[in-house]
Amino acid sequence: MIELPAPDASPAQPSESPALTWGGRRLYRRGAPHQILSGALHYFRVHPGLWRDRIRRLADLGLNTIDTYIAWNFHQPRQDEPPRFDGWRDVERFIRMVGEEGLDVIVRPGPYICAEWSNGGLPSWLTGRDVAVRSSDPAFTGPVGDWFDELVPRLAALQAARGGPIVAVQVENEFGSFGDDHAYVRWNRDALTARGITELLFTADGPTELMLDGGTVPGTLTAVTLGSKPGAARRLLASRRPDEPFVVAEFWNGWFDHWGERHHVRGVDSAVRTLEGIVADGGSVSLYMAHGGTNFGLWAGANEADGRLQPTVTSYDSDAPVAEDGTLTAKFHAMREVLGARGPLRVPERPPVLPPARVPLVPRAGLLAGLRAVPAPTSTGPRPASFERLGLESGMVLHTAHPRVPAGEHRLVLTDVRDRALVFADGAFLGVAGPGEPELTVRGTGAVVRLEVLVESLGRVNYGPGVGGHKGLLGPVLVDRRMVQGWDSTPIALQEWTQTELARATAPAPGSVPGGFAVATLRVETPADTYLALPGSGRGLVWVNGFLLGRHWEIGPQVTLYCPAPLLRAGVNTVTVLELERLGDVLELRDRPELGPAEEYVEEFS
């Protein structure tokens, strides 16, 4: 591998030495022995109106530090627009707020973060190019350098050496699980220091020889990520880095869920025993997750197994000590004892909730009629345009062609759909196509048919070699053996829709099955949390007062969608549903979450 030069930037002059140092297998803070007792809390998964509440809950857990990833695509979903750091994206405000509550901050800026987040945090406008992601390819490091130019000085100004709460910054993220381009990892480290990072730097990888060989950097602290067997990890690190303290950058005390599988939980006793093993003899830890939050909108990622996509659910509860809705769980109280927290809690055990209710779900517009009512630029070409070609991070694309179909029944084959397609001929629904089910039947009369293919992304892969994969109608569409050519491709940027687009989509318009747009009206006296369920509905998306809450799907395990109080207002509230399969007739407000049938899960490295 070639050795890349550090980016052209002048390092800042720190006012004093880093807050955290190490030596003799011990960690020190300003010269005093120290343990990092941290918990992961992602600002992008918690409504800003609840940031302080959740920070205080983690402080009550007994933590002295909060760590967060920074999701590049959350700040810069479009290449032609500068990164945003306002509103929900005001990561500086979040960091300062953690400091105001008396806690340190660890920042994990990636640029790749995994985190079960769409595309592992990498913008699709970058990965849609011919670029070797997470490598020393200048086509990758160039845009990363531009992003770091915007981000890192903001973080540098909030370091402990400058009076802020940031005490450590992670270099890349579990790179040893991905590749062995050591020049790239060194470039990543140097890109941080060149832009002013002077606090403790560390890498984080799984506790195996293979992963540590790929992801560690000489002279940079090595941390590990694990769900079990801390003793074995401690011994492995001691054999490789005998002078370094034992730091677990992620302790998986719970796990995430995929659609169509069971809800993963981690038993309290199992989690507590592992935590005790980590913090013994001065070990440092970060609970992943301490509070998981929610994959609002369409930001949930996906995994791949044996060529099969495993999309992640809307909830990121993760069976964490602080539940998705802020509830303090049995795991919270057991871990609080291990962490040595004392004194009264500053927060209620559970935030207030609205009383249960059933509200009519009123159909408004047919599926295609509603989608067509929202203007969007159309790309025309001989083949369907991918999401990436259309500049679309997530959502849907409506492809339209006009093939002449001979009389009789014919095979209609969609050779490569990523991820799911609803197919219509002259407005009539033909069926669903996708991986493993590419073939439908179309009946012709010898005339031209208006063929429409509505393709939905179920989430971009966030881990492994599939990161950066394209979405859309990627392969040819065949009528028998003949390729259909001449397509209009219209992006449907659902994540960017506002009340204006929703009003257009829900204007009364006829439509045929499946699904369509519907609206429910909620009257609320005092806003509080609630949990939305759609009994009788199949699969689709839910907005609350114009905010895209997330995806619902009858295959579970998740049944209810968490709606935090700040999304509601006193008086009239509007819930909009885009249903893709089967529209029920009621929206339920429940007073408890329902995340589905549970199974015990512990992630282990062999």
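All of the numbers you see were taken from the coordinates with simple rules; none came from a lab. What you see is a predicted model; the values in this text were computed from it and never measured. Quick reminder, even Gly has a Cβ in these numbers, built from the backbone with ideal geometry, and neighbours come from all protein chains shown.
Taking only the alpha carbons of segment 20-338, we obtain Rg and Dmax values of 18.3, 51 Å in that order. Rounded to the nearest 20, the size of the Cβ-charge dipole of the chain about its Cα centre is 780 debye, with Lys and Arg at +1 and Asp and Glu at -1. Spin-label model, T498 to E101: label points 7 Å out along the Cα-to-beta-carbon direction sit 3.1 nm apart. Legend: ranking of residues L201, L298 from fewest to most surrounding C-beta atoms inside 10 Å; resulting order L201, L298. Note on the chain: helix-only mean residue ellipticity at 222 nm, from DSSP H runs of 4+ residues weighted -39500 (n - 2.57) and normalised by residue number, equals -5500 deg cm²/dmol. Other residues within the sphere of radius under 15 Å centred on the Cβ of G486, judged by their own Cβ, net out at +2 (K and R +1, D and E -1).
Quick check for me: using +1 on Lys/Arg Cβ and -1 on Asp/Glu Cβ, what's the dipole size of segment 307-392 about its Cα centre, in debye to the nearest 20? All intermediate terms of the calculation are to be shown ahead of the outcome.
On the way: 11 positive and 7 negative charges, 60 e Å.
The dipole of segment 307-392 has a size of about 300 debye.
The Cα center of segment 139-189 and the Cα center of segment 502-577 differ in position by 38 Å.
Computing mean projected area of the Cα convex hull in nm² directly from the structure and comparing it against [x] 53.8; [y] 33.3; [z] 27.0 singles out [z].
Share of antiparallel DSSP beta bridges in the chain, in percent to the nearest 5? Mind dumping the intermediate values first?
Working: 87 of 124 bridges.
Expressed as a percentage, antiparallel bridges in the chain total about 70.
Legend: Rg and Dmax of segment 457-527, from Cα coordinates, 18.8, 61 Å.
Residues whose amide H falls under 5 Å from that of A509, counting only those 5 or more places apart or on a different chain, are A365, G366, with hydrogens built in the peptide plane. The distance from the alpha carbon centre of segment 232-271 to that of segment 433-472 is 37 Å, rounded to a whole number.
Each residue in V167, V544 was given a count of other beta-carbon atoms within 10 angstrom of its own, and listing them fewest first yields V544, V167. Beta bridges from DSSP with both residues in segment 20-338: antiparallel share about 30 percent, rounded to the nearest 5. By the beta-carbon count within 10 Å of each Cβ, the least crowded to most crowded order of K331, K471, fewest first, is K331, K471. Can you give the relative contact order of the chain as a percent, counting alpha carbon pairs under 8 Å and 6+ residues apart? Relative contact order of the chain: 16 percent.
Each label point was placed 7 Å from the Cα along the Cα-to-Cβ direction; for H402 and E81 their separation is 3.4 nm. Rounded to the nearest Hz, the phi-derived 3J(HN,Hα) couplings of segment 23-33 under the Karplus curve 6.51 cos²θ - 1.76 cosθ + 1.60 (θ = phi - 60°) are x, x, 6, 10, 9, 10, 10, 6, x, 9, x, where x marks glycine and proline. Near V362, the amide H atoms lying under 5 Å from its own belong to V519, A520; only residues 5 or more places off or on other chains count, and H is placed 1.01 Å from N.
Can you give me the C-alpha center-to-center distance between segment 40-56 and segment 364-378, rounded to a whole angstrom? A separation of 35 Å, based on Cα centres. Magnitude of the charge dipole for segment 358-466, about its Cα centre and with charges confined to Cβ atoms of Lys, Arg (+1) and Asp, Glu (-1), is about 260 debye.
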